[in-house]
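The structure appears right after this line, and notes come after that.
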Amino acid sequence: MTVRYGVLADIHANPFALAAALTTLEAARVDRFLCLGDIVGFGPHPNECVRRIAELDAVTVAGNHDLIAVGRRSPDGAGALARRSLEWTRERLEPASRRFLEGLPVAALPEPGIVMTHGALGDPGTYVRGPREALAQLARLRSEHPGARLLLVGHTHHPMAVGESTGTLARHGRRVALPAGDRILLNPGSVGQSRGIRPHGSVLVLDTGTREAHFHTVRYDVGACRRALEAHGLPARSHHRRPSPRAWARRARRALRG
């Protein structure tokens, strides 16, 4: 059966970005939503975002922030900003939101050929940052889920498409053709906390019929998010982490190494 999936990750309690992302995906006429976790953390409105994802009946997996927020994972290793926001989030989670997050699996199969998780297979807190790490995950996918051809991950906040045989897939108009027979890792990027030069969201439309992945940049009301963060006593920068020159250099080196 052909399905057009709307794939979201790393919403981070940013309802302004989430609303814009859903408008983009609904305009693309997706049939079903997939959420790769980190619904909460960093942002000012965790309950609103949990409710919206629940209303979508999205296939959803737990992110590391979701797990920490409900005590399913230790905050050890999290940065100071993440720990501060998660302490704030824990105090404000409504019972229904807490139950939803407590019930999320760390991996799911929306259909037999697709596996979704937040970070890496077996650990939502592990980053799959570049092609080498992606290939290692695809090798694990082959071993653990022989029938699966697609692995969907989030966590890095950066879009990515890597094929096991074809390597990093070029984007033409931000649309990626998925080679038949190849195992492929896709990361839609982050809805609610961009980590680039400018603040914006990113989502993915995955069409299993045409075997295409279409990455969409999503613009949202950044000022409203900043004001909401400040109103709740949270750092206004929480919705956007601009990379340092050193981080840009590391990313460039990973890209060159392939």
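The values are calculated or read from the model by the stated rules, or taken from the named source; none is laboratory data. Quantities reported herein were computed from a predicted structural model and do not represent experimental measurements. No Cβ is skipped: glycine too gets one built from the backbone with ideal geometry, and neighbour counts run over all protein chains shown. Areas reflect the complete protein model, heavy atoms only, side chains present, ligands, DNA and RNA absent. Shrake-Rupley method; radii C 1.70, N 1.55, O 1.52, S 1.80 Å.
Looking at the square roots a ≥ b ≥ c of the eigenvalues of the Cα gyration tensor of the range 113-211, which shape do they give, rounded for a/c under 1.5, prolate if a/b is larger than b/c, or oblate? Because a/c hits 1.5 or more and a/b fails to exceed b/c, the range 113-211 counts as oblate.
The calculated P(r) of the range 126-182, using every Cα pair and 10 Å bins from 0, goes 22, 57, 20, 1 in percent.
Note that the chain presents 44 Å² accessible area per residue, ligands and nucleic acids not counted, probe 1.4 Å.
The angle between the Cα long axis of helix 80-92 and the longest principal axis of the Cα atoms of the chain comes to about 70 degrees, rounded to the nearest 10. Just to be sure I understand the curve: with the Debye formula and one point per C-alpha of the range 1-78, what is log10 I(q)/I(0) at q = 0.11, 0.24, 0.25 Å⁻¹? Each listed q maps to, in turn, -0.29, -1.10, -1.18. Pairs of Cα atoms nearer than 8 Å and 6+ residues apart set the relative contact order; for the range 32-145 it is 27 percent.
Nearest 5 is fine: what % of DSSP beta bridges in the chain come out antiparallel, could you say?
On the way: 25 of 38 bridges.
If I count the DSSP bridges inside the chain, around 65 percent turn out antiparallel.
Hey, how much of the P(r) for the range 22-61 falls beyond 14 Å, as a percent of Cα pairs? Before the final figure, lay out the partial values.
Details: 388 of 780 pairs.
When all Cα pairs of the range 22-61 are counted, 50 percent exceed 14 Å.
If each Cα of the range 1-132 is one equal point scatterer, what is log10 of I(q)/I(0) from the Debye formula at q = 0.12, 0.14, 0.16 Å⁻¹? Scattering profile of the range 1-132, log10 relative to I(0): -0.44, -0.60, -0.79. Relative to the longest principal axis of the Cα atoms of the chain, the long axis of helix 245-257 makes an angle of roughly 20 degrees.
Leaving out ligands, DNA and RNA, what percent of the accessible area of the range 1-147 is carbon and sulfur, probe 1.4 Å? Exposed carbon and sulfur together represent 49 percent of the surface.
Using C-alpha pairs under 8 Å with a sequence gap of at least 6, the mean separation divided by the residue count of the chain gives a relative contact order of 23 percent. Of the beta bridges in the range 69-194, as assigned by DSSP with both residues counted there, near 65 percent are antiparallel. The ellipsoid that matches the Cα gyration tensor of the chain has semi-axes, each √(5λ) in whole angstrom, of 27, 20, 18, with the longest given first.
Considering only DSSP beta bridges with both partners in the range 1-141, what is the antiparallel share in %, to the nearest 5?
40 percent
Note on Arg142 and Arg72: the model spin-label points, each 7 Å out from Cα along the C-beta direction, lie 3.1 nm apart. Within the range 70-113, all pairs of alpha-carbon atoms sorted by distance into 5 Å bins from zero give the percentages 5, 17, 22, 21, 17, 9, 7, 3.
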